[in-house]
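Encoded as structure tokens, the structure appears first; notes follow it.
The values are calculated or read from the model by the stated rules, or taken from the named source; none is laboratory data. As the structure is a prediction and not an experimental result, all values here were calculated from the model. Positions of Cβ are backbone-derived with ideal geometry, glycine not excepted, and every protein chain shown enters the neighbour counts.
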Protein chains: 2
Amino acid sequence: MSKSSLTLSPLQTAACCSPLQREPLSIEQAEQVAPLLKAMADPVRLRLVSLVASYAGGEACVCELTNAFDLSQPTISHHLKVLHETGLLDRSKRGVWVYYKVRTEALDSLAALIGGASA
Amino acid sequence: MSKSSLTLSPLQTAACCSPLQREPLSIEQAEQVAPLLKAMADPVRLRLVSLVASYAGGEACVCELTNAFDLSQPTISHHLKVLHETGLLDRSKRGVWVYYKVRTEALDSLAALIGGASA
DNA sequence: CCCGGACATTGATGTCTGTCAACATAGATA
DNA sequence: TATCTATGTTGACAGACATCAATGTCCGGG
């Protein structure tokens, strides 16, 4: 388990490169960024991210999120895990509840990479 | 899947909604945007997009792109098809060659949706 | 100390996807 | 027309993924 290539935060991956349209991505850069986009490339996870962001303080507990979907609790838990492992959501446990929070910097870095033609 | 929901251009999908972090995506919005992200959520396609953008005039012919990868020509053709069908690349045939071009507006819309910096 | 609720993990399953080899098509040229 | 080259299409297959039911874990209250 080579930690070195797996412990990259989204800021290190998405923010590593100049915008897509500015200069070609290297193979390695592309392979680092792709998982981030893959994590967002799911309707449920897209809604999860936007839902979490809409809650007070940009935080939501799993129970609230689970209720917003017509999916089983393990499925939601799985999606949240994906979003957390890619660094798009932060996780904090308070008592019995687990709260997820959007990592704004991560999303901003991704956006800058994709669209930042003028940035 | 009904056809009516598949004929939406990326500008109609990504540009349809306010930024992710601003207001929760509806189920339909999420299902329209996800394919766009899915199209970009592949290392090869990411590099294809950035490569195309880097060529003169933001255009590149398939032969040039194929040479840049260690993949078969049908595979590259497949990826280009995906990117074209989602509206991320424009296609134009000139003589024997086919040129692909980045649709900047599409990428910008996506970026705006994710990062919500520029509204 | 046990029980119930909140969340995660596991194992199974059906579907999607990236890839290639083989074949098809279209345009230029002799 | 015959042929070569550039590109797209098809069929097949292995690996990835979304989902659920069942089970496990952690914690607070009785």
Test set (1) within 12 Å of DNA strand C (Cβ to nearest atom); (2) surrounded by fewer than 18 Cβ atoms within 10 Å (Cβ to Cβ); (3) within 17 Å of A:LEU25 (Cα to Cα) - B:ALA56 fails condition number: (1)
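Here is a yes/no grid of residues against (1) closer than 20 Å to A:LEU20 by Cβ; (2) touching a residue at least 60 places away in the same chain (Cβ under 8 Å); (3) surrounded by 16 or more Cβ atoms within 10 Å (Cβ to Cβ):
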site: B:CYS63; (1), (2), (3): no, no, no
site: B:ASP70; (1), (2), (3): no, no, no
site: B:GLN73; (1), (2), (3): no, no, no
site: B:VAL82; (1), (2), (3): yes, no, yes
site: B:GLU85; (1), (2), (3): yes, no, no
site: B:LYS93; (1), (2), (3): no, no, no
site: B:TRP97; (1), (2), (3): no, no, no
site: B:VAL102; (1), (2), (3): yes, no, yes
site: B:SER109; (1), (2), (3): yes, yes, yes
Residues of the stretch B:17-53 classified as in contact (Cβ under 8 Å) with a residue 12 or more places away in the chain, farther than 26 Å from A:ARG22 by Cα and within 15 Å of DNA strand C (Cβ to nearest atom), total: 2
Count of the stretch B:45-58 residues which are at pLDDT below 95 and not hydrophobic (A, V, I, L, M, F, W, C): 4
Among the candidates A:LYS38, A:LYS3, residue that is surrounded by fewer than 20 Cβ atoms within 10 Å (Cβ to Cβ) and modelled with pLDDT of 95 or more: A:LYS38
